[in-house]
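Structure, as structure tokens:
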Amino acid sequence: MPSIGRDDVARLADLARIQLTDEEVDRLAGEFDAIIDAVASVSEVATADVPATSHPIPMTNVFREDVVGQTLTQEQALSGAPEAEDGRFAVPQILGEE
């Protein structure tokens, strides 16, 4: 398995615009090697007869049915608004456009 060296970590940090100290670069280089080794060991165990999963426990849709319920009228929705205009909420202009 290829090793992630100090130069690789420094280059990745530069691309991500992350400033790292020399100590952080050294530490991360070692941590990346450990992660790569862990991924390699999992890859060795995975075989074609083992299906890929996104979750270890089978899951089903837990959402409720989308049923239309009682809704507000336009007047009811606007009744609590501080300001309304032409049947819509009136809000302060923020973009300087007319």
In this structure, is Glu23 without any contact (Cβ under 8 Å) to a residue 60 or more places away in the chain, loosely packed, with under 10 Cβ neighbours inside 10 Å and of a type in the set (Asp, Glu)?
yes
If I go through the stretch 63-84 residue by residue, how many of them are free of Cβ contacts under 8 Å to residues at least 12 places away in the same chain, in a helix (DSSP H, G or I) and open to solvent by 90 Å² or more (accessible area, probe 1.4 Å)?
2
Boolean, Ala13 is surrounded by 10 or more Cβ atoms within 10 Å (Cβ to Cβ), under 22 Å from the mean Cα position of the chain (by Cα), aliphatic (A, V, I, L, M) and modelled with pLDDT of 85 or more
yes
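Rundown of residues vs (1) in a loop (DSSP other than H, G, I, E, B); (2) modelled with pLDDT of 90 or more; (3) touching a helix residue (DSSP H, G or I) at 6+ places or on another chain (Cβ under 8 Å); (4) closer than 30 Å to Gly5 by Cα, yes/no style:
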site: Gln19; (1), (2), (3), (4): yes, yes, yes, yes
site: Phe32; (1), (2), (3), (4): no, no, yes, yes
site: Ser41; (1), (2), (3), (4): no, no, no, yes
site: Ala48; (1), (2), (3), (4): yes, no, no, no
site: Pro56; (1), (2), (3), (4): yes, no, no, no
site: Asn61; (1), (2), (3), (4): yes, no, no, no
site: Gln93; (1), (2), (3), (4): yes, no, no, no
site: Glu97; (1), (2), (3), (4): yes, no, no, no
Regarding the stretch 30-43, can at least one residue be identified that is within 24 Å of the chain's Cα centre (by Cα) and not aliphatic (A, V, I, L, M)?
yes
Which condition does Glu65 not pass, out of (1) among the acidic types (Asp, Glu); (2) within 29 Å of the chain's Cα centre (by Cα); (3) within 30 Å of Ser3 (Cα to Cα), if it passes all the others?
(3)
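The values are calculated or read from the model by the stated rules, or taken from the named source; none is laboratory data. Quantities reported herein were computed from a predicted structural model and do not represent experimental measurements. Cβ: placed from backbone, ideal geometry, glycine included. Neighbour counts: every protein chain shown. Just the protein is used for accessible areas: all its heavy atoms, side chains included, with ligands, DNA and RNA removed. Shrake-Rupley method; radii C 1.70, N 1.55, O 1.52, S 1.80 Å.
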